[in-house]
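Take a look at the following structure, please.
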Amino acid sequence: MKIILIISFLLPGLLFSQKTVSADYKKIPEILDNTDLLYPFIKPDKKYQYWSVLRNIEDLDPDKSIIYESQMPDFMTLNDPVPEKGFFQQCTTSDCFSYILACKNNRTEYFNNEQQLRDFIGSVDNLPEALLIAKTYGFTFDSTNPLGGSYKTDDQYISMYISKQKNATQKESFLVKVNRKTGKLEAKSNGVY
């Protein structure tokens, strides 16, 4: 009798505490887990003659530092030094960060921190841009769980269930909405999963 009573109290709690993702959310494609593959989808709001995403590496061949570059005009030669810091900074030595070098009106401009990357993207045109913006706030996506890797798009927002690493064994799910016009991000925790 006691067992039946205990089960009757615990079972509804277990059933109703299960976190789910609404059916109108789709799985984020696994290939978008690689940040380097997101850059080709950037459509900057401003017009640039040329722009590229580079990684700081210590190599004599400058082409090895290029992650992505837009169409470069034939007449343009860029010989600018590598900045000392960038976005998605992982350490202080070689191959630790990325940055954008853009050319507008024959002048070069660097975008080398998370806020500048958000400014470079501007309005959000697609899911890869929304993922890059979310990454600038420390979010990642989990391709193995819908609570950490789902999205839906409407005219005003790109909404995503993505995650942050809470500790070595747990991730925290967040519902993140990126405003498509302004690029502003709103996040609400869904708890640990």
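Based on the Cβ-Cβ distance from E186 to C96, what FRET efficiency comes out when R0 is 41 Å, to the nearest 0.05?
Computed FRET efficiency for E186 and C96 comes out at 0.85.
Sticking with this one: Could you please state how large a percent of the accessible area of the stretch 138-193 is carbon and sulfur, counting protein chains only and using a 1.4 Å probe?
The computed percentage sits at 46.
Over its Cα atoms, what ratio of radius of gyration to 2.2 N^0.38 Å does the stretch 74-193 give? List each step's numbers first, then the result.
Working: Rg = 16.7 Å, N = 120, 2.2 N^0.38 = 13.6 Å.
Relative to the 2.2 N^0.38 Å estimate, the stretch 74-193 comes out at 1.23.
Also: For Y68, enumerate residues with amide H under 5 Å from its amide H, sequence gap 5+ or separate chain, H modeled in the peptide plane.
Amide H neighbours of Y68: V53.
Under 5 Å between amide hydrogens, which residues at least 5 positions from N126 or on another chain qualify, with H placed 1.01 Å from N in the peptide plane?
Distant-sequence amide H within range of N126: zero hits.
With each pseudo-label sitting 7 Å past Cα toward Cβ, what's the S123-E69 distance in nm, one decimal?
Label at S123, label at E69, 3.0 nm between them.
Go ahead and run the numbers for FRET between I31 and N105, Cβ-Cβ distance against an R0 of 30 Å, rounding to 0.05.
0.25
The values are calculated or read from the model by the stated rules, or taken from the named source; none is laboratory data. Since the model is a prediction, treat every value here as computed from it, not as a measurement. Virtual Cβ from ideal backbone geometry, glycine too; neighbours counted across all protein chains shown. Surface areas here come from the heavy atoms of the whole protein model, side chains and all, with no ligands, DNA or RNA. Shrake-Rupley method; radii C 1.70, N 1.55, O 1.52, S 1.80 Å.
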